[in-house]
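Some notes on the structure that comes next.
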Amino acid sequence: MTEAIALGIPTVREDRPVLAPRRPTRRLRVGDLYVGGDAPITVQSMTTTKTHDIGATLQQIAELTAAGCDIVRVACPTDKDAEALPVIAKQSRIPVIADIHFNPKYVYAAIKAGCGAVRVNPGNIRKFDDQVAGICQAAADAGVSLRIGVNAGSLDPRLLKKYGKATPEALVESAVWEAGLFEECGFRDFKISVKHHDVVTMVQAYRMLSEQGDWPLHLGVTEAGPAFQGTIKSCAAFGTLLAEGIGDTIRVSLSAPPVEEVKVGTKLLEFMGLRERKLEIVSCPSCGRAQVDVWTLAEQVEEGLKDIQAPLRVAVMGCVVNGPGEAREADLGCASGNGKGQIFVHGQVVETVPEDQVVETLLRHAQEMAAKMQAESGEEALAGSRPVVTTPGA
């Protein structure tokens with residue numbers, strides 16, 4: 001083993017600063033979590049299974065939970081789906097939100113089933129305004145929170161006629177009107193979303209809404225598109241709003257398996273300093289100065305480390321001259337070129353190996369570091385970053 005070479009890297013790194021303080025919102029419960037107030041920002045997704053297929057739905061919820069999902073939404077369009085909710089809500093390890101459209105009877109069924117919350121879309125539930133008092137009473141009695149979900153595609157016809165299309169003003173007016181109906185009944189345990197497929201419209205709507213009340217806000221770009229396009233649109237919109245302190249819970253809506261939504265959402269929060277960091281890979285871009293195939297090297301390292309949950313920052317560099325300096329904040333890294341690779345740990349070169357041994361050597365060090373961190377912090381601390389409920393005032 002090569003003698004460790006110090007690179008002059010600080011041994012103590014300060015926590016990254018927050019771009020903006022969270023805008024104050026009221027806090028409410030969703031199952032065993034809090035949303036809003038000073039509670040951590042949560043990541044949501046939605047199952048793609050038929051909810052009445054209890055086994056398949058619970059299996060997908062388990063996969064989402066393992067990926068870091070905090071809250072899961074399930075569709076409830078039929079009586080069979082409503083009948084499955086009690087079992088699903090009880091057996092899921094994360095809070096379940098029932099997604100209700102068109103028929104208000106399923107709102108009551110979901111509340112009775114013990115769901116953590118119920119999402120209602122006022123724009124497409126028959127005579128919804130007439131149902132508000134009853135829904136508020138049932139939800140309050142059961143201790144269940146609600147989400148008022150305003151969507152561009154299902155906006156109240158009265159507002160479409162007034163504004164001509166789903167403008168930010170139309171979305172916000174719909175949300176504020178419905179919020180007022182709930183609050184007139186003395187019910188305040190609800191959050192709001194004003195989703196739109198257009199990034200600019202969505203951002204403007206949430207900015208306007210955040211100025212008009214202290215409701216917790218669920219961020220979403222609805223119908224964002226396939227994975228590549230939808231990821232960019234969601235990160236652009238969420239990044240803008242979160243950087244302004246707006247947003248209490250998020251869902252990345254992709255035309256892709258729901259686990260992919262969770263991966264994007266969790267990493268976005270990690271990279272913005274809003275969620276406990278897990279594995280992060282820092283790697284060189286495509287560059288004419290690179291002396292190694294960085295693209296392939298980074299993919300091999302990413303695949304080899306995919307199961308590590310420890311908060312490691314791993315650098316993959318293609319130049320032995322600038323690599324260590326560029327990755328000075330990494331916990332572990334490699335810099336390759338001229339047929340060899342340097343492995344460095346916390347800013348010190350600890351090994352120099354042939355190029356074809358770089359990946360296996362890096363992975364070995366990563367496993368050793370992850371095991372040490374796990375032993376020091378305990379299994380539970382490294383199992384994930386899912387927020388937990390704390391007693392108010394504690």
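Side notes on the structure shown:
- Rounded to whole Hz, the Karplus (6.51, -1.76, 1.60) HN-Hα couplings of the range 276-281, x for glycine and proline: 3, 6, 10, 5, 9, 10
- Selection of trypsin sites (Lys or Arg not before Pro), the range 126-212, meeting DSSP coil and at most 15 other Cβ within 10 Å: ARG126, LYS127, LYS165, ARG188
- Annotation note: GluC sites (Glu not before Pro) in the range 189-244 located in DSSP loop regions with a Cβ neighbour count of at most 13 within 10 Å are GLU211.
- Listed values for the range 202-209 are Karplus-derived 3J(HN,Hα) couplings in whole Hz (6.51 cos²θ - 1.76 cosθ + 1.60, θ = phi - 60°), namely 4, 4, 4, 5, 5, 4, 4, 5, and x replaces Gly and Pro.
- Estimated distance in nm for a label pair at GLN59 and LYS127, the labels positioned 7 Å out from Cα along Cα-to-Cβ: 4.2
- Rounded to the nearest 10 degrees, the inclination of helix 227-242 to the longest alpha-carbon principal axis of the chain is 80 degrees.
- Here the accessible area of the range 188-297 is 57 percent carbon and sulfur, with a 1.4 angstrom probe and all protein chains present.
- Crossing angle, helix 358-377 versus the chain [Cα axis fit, 0-90 degrees, rounded to tens]: 60
- Derived scalar couplings between HN and Hα for the range 89-99 equal 4, 6, 8, 5, 7, 10, x, 10, 10, 7, 9 Hz in order, rounded to whole Hz, by the Karplus curve 6.51 cos²θ - 1.76 cosθ + 1.60 (θ = phi - 60°), x for Gly and Pro.
- LEU146 long-range amide H proximity, modeled H, under 5 Å: VAL118, PHE190, LYS191
- Note on the range 28-272: with charges restricted to the Cβ of Lys and Arg (+1) and Asp and Glu (-1), its dipole about the Cα centre is near 440 debye.
- Relative contact order (%) - criterion: Cα under 8 Å, at least six apart; region: the range 124-181: 38
- Rough spin-label spacing in nm, given labels placed 7 Å along Cα→Cβ, for GLU184 and LYS112: 2.7
- Distant-in-sequence amide H partners of VAL316 (H built 1.01 Å from N, under 5 Å): VAL282, SER283, CYS284, CYS334
- Relative to the current alpha-carbon distance between THR296 and LYS161, full extension at 0.36 nm per residue lengthens the span by 43.2 nm.
- Of LYS105/LYS127; LYS233/LYS263; LYS340/LYS372; LYS50/LYS90, pairs whose Cα-Cα distance is over 20 Å: LYS340/LYS372
- Think of the chain as a dipole: +1 on every Lys or Arg Cβ, -1 on every Asp or Glu Cβ, centred on the Cα centre; then among GLY153, VAL358, THR296, GLY153 lies furthest on the positive end.
- Taking label points 7 Å from Cα along the Cα-to-Cβ direction, ARG93 and GLN357 give a separation of 3.9 nm.
- From the coordinates of this entry, P(r) over Cα pairs in 10 Å bins from 0, in percent is computed, and it appears in (i) 4, 22, 32, 27, 13, 2, 0, 0; (ii) 5, 23, 35, 27, 9, 1; (iii) 5, 21, 28, 22, 13, 8, 3, 0 under the label (iii).
- Close amide H contacts of GLY341 (hydrogens built in the peptide plane, cut-off under 5 Å, sequence separation of 5 or more or a different chain): VAL353, GLU355.
- Heavy-atom surface of the chain, accessible at 1.4 Å and reported per residue (Å²): 46
- Per-residue accessible area (protein heavy atoms, 1.4 Å probe) orders ASP81, ASP189 as ASP189, ASP81, starting from the largest.
- Between 0 and 90°, nearest 10: helix 168-184 axis offset from the chain longest Cα axis: 60
- By accessible area with a 1.4 Å probe, ligands and nucleic acids excluded, highest first: order of ARG93, ARG251: ARG93, ARG251
The values are calculated or read from the model by the stated rules, or taken from the named source; none is laboratory data. What you see is a predicted model; the values in this text were computed from it and never measured. Cβ: placed from backbone, ideal geometry, glycine included. Neighbour counts: every protein chain shown. Just the protein is used for accessible areas: all its heavy atoms, side chains included, with ligands, DNA and RNA removed. Shrake-Rupley method; radii C 1.70, N 1.55, O 1.52, S 1.80 Å.
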